[in-house]
Amino acid sequence: MEDKRSLYGEDEIITLDFDDGESFECGIMGTFELNGKEYIALDTLDDSNDVYLYEYVPTEEDFELLDIPEEEFDLVAAEFDRLMDDPV
């Protein structure tokens, strides 16, 4: 876990808290826009290679993460994959 943690600054790590009481830390890979909405990609800091995608809504004090509706998720995931495949 320490190897993945070193990829992110302290202010780039957030804790996701789920309704079932489970929580874990993720690194913020970045945000991206698609069809007028902003999304965020979160990298789990455990041994898995899981990435969580959420709609990202800035607020006055911080930000809010919203679940992506099922009918939009494949499009958002495809855009994330495209961005990850594009050379910088």
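The values are calculated or read from the model by the stated rules, or taken from the named source; none is laboratory data. Predicted model, so just to flag it, every value in this text is computed and none were measured. Protein only, heavy atoms only, side chains kept; ligands, DNA and RNA dropped before computing areas. Shrake-Rupley method; radii C 1.70, N 1.55, O 1.52, S 1.80 Å.
For the chain, give the percent of accessible area contributed by carbon and sulfur heavy atoms, probe 1.4 Å, rounded to a whole number.
45
Each residue of segment 8-14 in turn: what ³J(HN,Hα) in whole Hz from Karplus with 6.51, -1.76, 1.60 and θ = phi - 60°, glycine and Pro shown as x?
10, x, 4, 7, 9, 10, 10
What list of ³J(HN,Hα) values in whole Hz, one per residue of segment 15-31 in order, does the Karplus curve 6.51 cos²θ - 1.76 cosθ + 1.60 (θ = phi - 60°) give from phi, with Gly and Pro shown as x?
Here the 3J(HN,Hα) series is 9, 8, 10, 9, 4, 7, x, 6, 8, 7, 8, 9, x, 7, 6, x, 10 Hz.
Ranked by accessible surface with a 1.4 Å probe, highest first, in what order do 64, 72 come?
Listed by decreasing accessible area, they come as 64, 72.
If you compute percent of Cα pairs over 14 Å apart for the structure shown, which of (i) 63; (ii) 67; (iii) 71 do you land on?
Answer label, from the structure shown: (ii).
What number comes out for accessible area per residue over the chain if the probe is 1.4 Å? Units Å², please.
72
Tell me, how many Å apart are the Cα centres for segment 2-25 and for segment 68-88?
Centre-to-centre (Cα) distance: 21 Å.
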